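In what follows, a single structure is set out as structure tokens and then discussed.
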Amino acid sequence: MIEGKNIICISQTTWHGEFTKSTVQLLSLLAEKNTIVFVEYPFTIKDVVMSLLGKQKAQVARMLGLKNRIKNEITDTGAVVKHLVMPPVLPVDFISSESLFKKIFSINTFIYRSQLRKTIKDLKLVDPIILTAYNPMYGLPMINKLHEYLNIYYCYDGMDTQRHKSRIYNIEKQFCKKVDTIITTSDYLNAEKKKLNPQSYVVKNGVDFKLFVPFAKTMITAVDVVKKVGYIGTLDFRFDIDTMEYAIKELPEVLFEFTGYLLNNEIQERLSPYKNVTFFTSVKAHEVPKLLSKYDLGIIPYKMNEVNRNIYPLKINEYLAVGVPVVMTAFADLTDFKAIVKAAVNKELFKIYIEEELKNDSKHLIQERIEFAKRNSWENRASAFSDIIEKSIEAKYPSKTLK
């Protein structure tokens with residue numbers, strides 16, 4: 001593992017939240033031997049107003065500088081991550097005129113860059129490594145503006161137009177060409193990024209194995225007991241409602257439970273009328289292992305489309321870590337899991353695989369899944385991530401070592 005580095009993460013997410021985030025998992029482990037600054041998702045003035053009205057949650061006092069913008073976050077292993085909340089920026093995504101957008105967004109980048117420079121100076125961060133996590137919008141204008149030692153783009157999903165409109169595609173393309181290294185989370189993403197930058201590598205998502213393994217199953221459910229199939233995760237546009245509804249209708253004797261943040265109301269509208277379906281609101285990350293352990297099978301019913309081909313779902317290793325069999329749609333080419341997870345190319349097979357996995361589960365298979373997930377721990381992923389950073393430094397500075 002790398003040691004003694006100063007790493008600043010330009011993030012597209014918050015540090016805290018209801019979901020497990022690969023960026024947070026990796027940085028928490030890298031923080032054990034390096035100085036890590038996590039830059040919170042840049043909230044806008046609109047977010048400040050909505051928070052003051054009680055319609056949203058944002059750290060307004062820190063955003064406005066009424067409290068210290070930098071706060072120490074203590075990881076599960078006792079390491080420290082410097083958590084930075086940026087000053088509020090102007091909302092710009094709605095602007096259709098490209099010339100006007102660039103003028104207004106330049107104000108945002110000035111605010112963002114000024115705060116980062118101040119943080120680098122205050123914390124005495126020499127030769128910072130800039131790790132941009134799925135945020136090329138702010139990553140691109142920061143290149144060569146922070147006296148950085150290395151620029152790395154951590155891309156864990158394909159770009160979409162939901163937040164930044166279609167302009168994000170060109171921004172990301174430029175960004176990919178300018179960074180020193182790209183690290184993706186799937187083979188498909190890596191193949192796409194290599195076309196823009198040959199220094200592109202893969203570090204797939206992992207699992208907090210130590211958190212999940214205490215809840216691992218030790219035996220299968222008795223034959224005469226009603227079987228439960230579970231889904232835990234965001235219920236959004238990626239979800240294949242048609243395939244899911246077919247399985248629910250054809251397997252009335254099986255209970256289906258869906259737990260997560262509902263972003264697509266059609267999912268609940270179409271599936272909740274079935275007597276064997278129950279919906280639950282999202283749970284905290286540390287509550288997921290116990291919840292998963294009560295299921296006889298885990299599902300990942302994503303649509304098979306171009307957007308979802310980028311995905312390496314976090315939940316796949318989480319299901320396996322508690323010994324639960326997994327049935328998913330063949331939305332991505334996840335060859336790593338070919339021997340241990342069932343991937344259905346149509347709704348009929350999806351239903352058949354659920355039946356077969358529930359019927360044929362065994363103690364031996366439970367243990368196989370747990371051992372498989374153990375190899376995909378975040379510790380192993382962080383080590384691979386660290387190796388790529390080290391390799392990138394050596395490639396850029398072959399005769400120089402970072403202090």
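Assorted remarks:
- The angle separating the long axis of helix 378-396 from the principal Cα axis of greatest extent in the chain is about 30 degrees.
- Fraction of accessible area attributable to carbon and sulfur, the chain (%, probe 1.4 Å): 53
- Structural descriptor for the chain: relative contact order 15 percent, calculated from alpha carbon pairs under 8 angstrom and at least 6 residues apart.
- Stretchable slack from LEU262 to GLU348, in nm (0.36 nm times residue separation minus alpha-carbon distance): 28.4 nm
- Radius 15 Å from Cβ of LYS46, net charge of other residues (Lys, Arg +1; Asp, Glu -1): +1
- Folded to 0 to 90 degrees: helix 98-122 orientation relative to the chain principal axis, Cα: 80
- Phi to ³J(HN,Hα) by Karplus 6.51 cos²θ - 1.76 cosθ + 1.60 over the stretch 3-13, Hz, x for Gly, Pro: 9, x, 8, 10, 10, 10, 9, 8, 9, 10, 10
- Both radii were evaluated on the Cα set of the stretch 85-235; the Rg over Rh quotient, with Rh as the Kirkwood radius, amounts to 1.11.
- Derived from the Cα gyration tensor, the three semi-axes of the equivalent ellipsoid of the stretch 160-199 are 19, 13, 8 Å, largest first.
- Fully extending the segment from GLU379 to PHE215, taken as 0.36 nm per residue of separation minus the present Cα-Cα distance, adds 57.1 nm.
- log10 of Debye I(q)/I(0), alpha-carbon scatterers only, for the chain at 0.08, 0.09, 0.13 Å⁻¹: -0.46, -0.59, -1.17
- Relative to the longest principal axis of the Cα atoms of the chain, the long axis of helix 167-178 lies at roughly 70 degrees.
- Other residues with beta-carbon under 15 Å from the beta-carbon of LEU116 carry, at +1 per Lys or Arg and -1 per Asp or Glu, a net charge of +4.
- Using C-alpha pairs below 8 Å separated by at least 6 residues, the relative contact order for the stretch 285-403 is 24 percent.
- Alpha-carbon centroids, the stretch 190-237 and the stretch 87-150: separation in whole Å: 33
- Accessible area per residue in Å² at 1.4 Å probe, computed on the stretch 27-181: 49
- Computed from the Cβ-Cβ distance with R0 of 25 Å, the FRET efficiency linking LEU90 to PHE237 stands at 0.35.
The values are calculated or read from the model by the stated rules, or taken from the named source; none is laboratory data. All figures in this text were calculated on a predicted structure; none of them were measured in a lab. Neighbour counts are summed over all protein chains in view; Cβ atoms, including those assigned to glycine, are modelled from backbone coordinates with ideal geometry. Remember, those area values only see protein heavy atoms, side chains included, never the ligands or the DNA or RNA. Shrake-Rupley method; radii C 1.70, N 1.55, O 1.52, S 1.80 Å.
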